[in-house]
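See structure below.
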Amino acid sequence: METESPTACSLRADRARRVASVLRRQVLEGAFGTGVLPDERALIAEFAVSRNTVREALALLRDEGLVERRRGVGTVVVGRAYEHPLGELAGLAEVLQHHGSVVNQVREARRVRAPQAVARRLGLGERGEAVYLERLRSLDGVPLSLDATYLLPEIGEPLLALERGVLEHQDVFQLIGTVAGAALGGAEVSVQAVTADAATCAVLGLPEGGAVLAVERLTSLADGRPADLEFIHLRGDRLVLRARVGAPDGHGAAAAGRDPARGRRP
């Protein structure tokens, strides 16, 4: 009985990864309107790969919880991700309002002594206080993110006076404008992929060792003062962060036609 060489297995794994990358994007974008992926023969022809490669690619998507095999039906989509634009100061409820009902379970809402790192970012004193909000965000009952938010006292105190139902159905950005009467300016955002701790996995309904996108966002008011520091854990299998970026100076359309050796037009 012949066995594949390690090199052949490695090459097939690489091809399967590339096929899975294309299919993953199609699944996440809802490209398969019926919810059923093309059959194996169609995928073999489309990607010009072997049956084993296609099966390995589909196995990768199954492991991610995006598809499953159903007897008599084929490979069907069972999970999808939703886009969250990085370039907009928009909350999850605003972004996903057309996809279903977004509910924020309020886990904590109180005034706290700000940790030193938070106090520095928000411009508070060494023993300064902040308003702390922790909310579990879900779409149609499926957990999407766990948000820990520190707010300046003058911004957060009006939010603490609200009924829990308001905090459960509106984004903090909306409340800052309507309740606290403060206009937002911009934000600094950083994103890191991390393995979630056991407690976070339990809250978000992830398997042990599940991946999350750890987002840190410092939002400032229109006058430039920092007002809101958030630490957000997004389910990596349910949310996709998207941004549109431009070419840096010297690499865009303005540089077209220049002599690369001299940096000017010929």
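Listed residues 100, 125; which is on the phi < 0 side of the Ramachandran plot, at pLDDT below 85 and open to solvent by less than 80 Å² (accessible area, probe 1.4 Å)? Before the answer, list the steps.
Numbers: 100 fails: on the phi < 0 side of the Ramachandran plot.
Matching residue, one of 100, 125: 125.
Read through the list (1) farther than 12 Å from residue 227 by Cα; (2) touching a helix residue (DSSP H, G or I) at 6+ places or on another chain (Cβ under 9 Å); (3) surrounded by fewer than 17 Cβ atoms within 10 Å (Cβ to Cβ), then give the number of the only condition that residue 183 fails.
Status for residue 183: all satisfied but (1).
Let's see how each residue does on (1) of a type in the set (A, V, I, L, M); (2) modelled with pLDDT under 95; (3) open to solvent by 30 Å² or more (accessible area, probe 1.4 Å):
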residue	(1), (2), (3)
26	no, yes, yes
34	no, yes, yes
45	yes, no, yes
60	yes, yes, yes
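Restricting attention to segment 17-45, which residues are without any contact (Cβ under 8 Å) to a residue 40 or more places away in the chain and over 18 Å from residue 59 (Cβ atoms)?
Residues of segment 17-45 that are without any contact (Cβ under 8 Å) to a residue 40 or more places away in the chain, as a first pass: 18-19, 21-23, 25-26, 29, 31, 33-34, 38-45.
Hits for segment 17-45 are 29, 31, 33, 34, 45.
Assess whether residue 117 counts as being at pLDDT below 95, assigned to a helix (DSSP H, G or I) and surrounded by fewer than 20 Cβ atoms within 10 Å (Cβ to Cβ). Don't jump to the end; show me each part of the working.
Values: at pLDDT below 95: yes; assigned to a helix (DSSP H, G or I): yes; surrounded by fewer than 20 Cβ atoms within 10 Å (Cβ to Cβ): yes.
In short, yes.
Hey, among the residues in segment 66-82 that are open to solvent by less than 50 Å² (accessible area, probe 1.4 Å) and at pLDDT 90 or above, which one's nearest to the chain's Cα centre (by Cα)?
Filtering segment 66-82 down to residues open to solvent by less than 50 Å² (accessible area, probe 1.4 Å) leaves 66-67, 74-77, 79, 81-82.
Applying the additional criterion that residues be at pLDDT 90 or above yields 74-76.
Numbers: 74: 29, 75: 25, 76: 23 Å.
Only one residue tops the list, namely 76.
Let me spell it out: the conditions are (1) among the aliphatic types (A, V, I, L, M); (2) under 24 Å from residue 234 (Cα atoms); (3) more than 17 Å from the chain's Cα centre (by Cα); (4) at pLDDT 90 or above, and residue 160 meets all of them except one. Which number is the exception?
Only one criterion is unmet by residue 160, namely (2).
Quick test for you: out of 206, 159, 146, 218, pick the one residue that is open to solvent by less than 30 Å² (accessible area, probe 1.4 Å), assigned to a helix (DSSP H, G or I) and of a type outside the set (Ser, Thr, Tyr). Spell out the reasoning first.
Working: 206 fails: assigned to a helix (DSSP H, G or I); 146 fails: assigned to a helix (DSSP H, G or I); 218 fails: assigned to a helix (DSSP H, G or I).
None of the other options fit; the residue is 159.
Residue-by-condition table, conditions (1) modelled with pLDDT under 80; (2) open to solvent by 50 Å² or more (accessible area, probe 1.4 Å); (3) of a type in the set (Gly, Ala, Ser):
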residue: 191; (1), (2), (3): no, yes, no
residue: 195; (1), (2), (3): no, yes, no
residue: 210; (1), (2), (3): no, no, yes
residue: 228; (1), (2), (3): no, no, no
residue: 235; (1), (2), (3): no, no, no
residue: 251; (1), (2), (3): yes, yes, no
residue: 256; (1), (2), (3): yes, yes, yes
residue: 259; (1), (2), (3): yes, no, no
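The values are calculated or read from the model by the stated rules, or taken from the named source; none is laboratory data. Predicted model only: the values in this text are computed from it and were never measured. Virtual Cβ from ideal backbone geometry, glycine too; neighbours counted across all protein chains shown. Keep in mind that these areas ignore ligands, DNA and RNA; they rest on the heavy atoms of the full protein, side chains included. Shrake-Rupley method; radii C 1.70, N 1.55, O 1.52, S 1.80 Å.
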